[in-house]
Amino acid sequence: MLGFTGVVTDGYYYTGEYMDSETGLYYLRARYMDPATATFTSMDNYAGNIYEPASLNRYLYANANPVKYCDPSGHSGLLVGQIAATSIMAVLNHADTIFIMGVISGVINTAMVKVMGGDDNEQIKAFWKGFTVGALIGTLTCFVAYVTTISIIQAGAIVGVGYSGYDIAVDLFVKHDYEGAAAKIPFLILDVLVLKRSFTVNTLLPGYDGHEYNKKNAEYLEESTNEGGSKSISYKDYDNIYQKSIHNPGKEKVMLGKYDGGGPTSYITKAGDEYTYFSLGSEWNTIKEKYGFTDDDMFKLFNEVFLDDGINGGKTFYFSHNPINDGGALGMEYEYLLKNNYIWDETTMTMKPR
C-alpha cells in the first residue's frame, strides 16, 4: 500500500501487518519495512539462499515479489501458502512450554480431586483432563505470543484471563450455576492482576520480550539491573527508538563524525542523502532521563548496535572529523571499529575491514 487519502492512524494494513502512521513503516518483528521502497530499514542477519538470488539482497522485502511472497518475520520471504505452516511451526517450537503448562494443570487438577477424597482412578482421570486443558491453553498461548509478538508470559496472562472469563460466562449463561461462577471470580481477579503485572514489569530479561532482537543489549541491561540499577526498556520502545535514529538506511557508505552545531562541517551535513548515519538529535537526553541511562549506556545500546550493522555488512565508514585522540563518542566509535578488525586510512579519512 503506497498511498492513503484522509487521516491515517496506526493500525494493521498491508498483509495484516502493523504500520506506524508517524514513520509510514511496517513492523515485521525482526525489522521495519518501508513500503515506499519495498525494502527493510536494516540489514537481515539471514544470509539468503544461493538458489534464490533475490534472497541474497539483505534489504529486499519478500524477494522483490510481494504478489507471491510475504515476510511476517522480517527475515525471509514465504510463499503465501506457507503462512499457516509457519504458525504451526511457531507452536511446535514451544512444545516444551505447552508440555509444562499441561503438566502443571494436570497436577493442580489431581491435587484438587485428592483433597476432595477422590480415589486413584479419579485422580488419574483428573490429571489427564487437566493436562489436556493445560496443553490446549499452552498451544493457544504460544500462538498468541507468535501473532502479537509479545512474550510467552504476557500471552499466557491474556489467555488466562480469557479462559477464566469464558468459564464464568458458561456457568452464568449456559449452566446457570451462579454459585460455581461466584467461586471462580477470585481466580479471574488473580488472572487480571497477573496480566497487569506482566505488562508493567520486565520478564525474562529487561528489555527482552521473548523474541530474538539483540541479546547483547538485553544481557547488558540485566547485568546493570542486578547491580542495583533501574535501567530497563521494552523491546518495542528500544526498536522504535533505534529505527528512527538510522537515517538514509541501506546505503553502502556510513558517515561518522561530530555534530558541530549542524553547520557545514557537521557529519550530518556531509552525509546528506548519500550516506547512512546515526543520530538521535535532541532525543538523546530525553531518552537518558526516561530510562535512567548514562552516556555509556546509550553508546552501548545504540552507537555500538549501529556500528555492528555496518560491520556485519562489511561497509566502509567515512569520518567527517579525525577520530584519533578524540575524547568523545567519535573516538569511542573509532576504537570500537579497531577492535572489530577495521583499519584506519588517514588519507581518505575512512575505516575498512581488513
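The values are calculated or read from the model by the stated rules, or taken from the named source; none is laboratory data. All figures in this text were calculated on a predicted structure; none of them were measured in a lab. Here Cβ is always computed from backbone atoms with ideal geometry, including for glycine, and neighbour counts include all displayed protein chains.
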Kindly indicate which of Asp239, Asp209 is buried (at least 19 other Cβ atoms within 10 Å of the Cβ), among the charged types (D, E, K, R), modelled with pLDDT under 80 and more than 26 Å from Leu136 (Cα to Cα). Asp239
Which listed residue is crowded, with 16+ Cβ neighbours inside 10 Å, farther than 27 Å from Arg29 by Cβ and in contact (Cβ under 8 Å) with a residue 40 or more places away in the chain, from Lys244, Lys270, Lys300, Lys315: Lys270
Scan of the stretch 307-317 for residues that are more than 19 Å from the chain's Cα centre (by Cα) and either aliphatic (A, V, I, L, M) or assigned to a helix (DSSP H, G or I) (or both), ordered by number: Leu307, Gly310, Ile311, Asn312
For Tyr275, only one of the following conditions fails: (1) surrounded by 15 or more Cβ atoms within 10 Å (Cβ to Cβ); (2) without any contact (Cβ under 8 Å) to a residue 40 or more places away in the chain. What is its number? (2)
Quick one: in the stretch 98-136, which of the residues that are touching a Ser or Thr at 6+ places or on another chain (Cβ under 7 Å) and surrounded by fewer than 19 Cβ atoms within 10 Å (Cβ to Cβ) is modelled with the highest pLDDT? Gln123
Report whether or not Tyr178 is under 16 Å from the mean Cα position of the chain (by Cα), modelled with pLDDT of 75 or more and not small (Gly, Ala, Ser). no
All-but-one check, Ile343 against (1) of a type in the set (A, V, I, L, M); (2) buried (at least 17 other Cβ atoms within 10 Å of the Cβ); (3) farther than 25 Å from Ala36 by Cα, failing number (2)
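Quick check, is Ser87 over 30 Å from Ser245 (Cβ atoms), at pLDDT below 75 and surrounded by 13 or more Cβ atoms within 10 Å (Cβ to Cβ)?
Considered against the rule, which asks whether it is over 30 Å from Ser245 (Cβ atoms), at pLDDT below 75 and surrounded by 13 or more Cβ atoms within 10 Å (Cβ to Cβ), Ser87 comes out as yes.
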Where His94 falls short, out of the listed (1) buried (at least 16 other Cβ atoms within 10 Å of the Cβ); (2) assigned by TED's automatic domain parsing to the domain that holds Gln154; (3) modelled with pLDDT of 80 or more: (3)
Scanning the stretch 65-82 for residues that are closer than 15 Å to Arg29 by Cα and not in a loop (DSSP other than H, G, I, E, B), which turns out modelled with the lowest pLDDT? Leu78
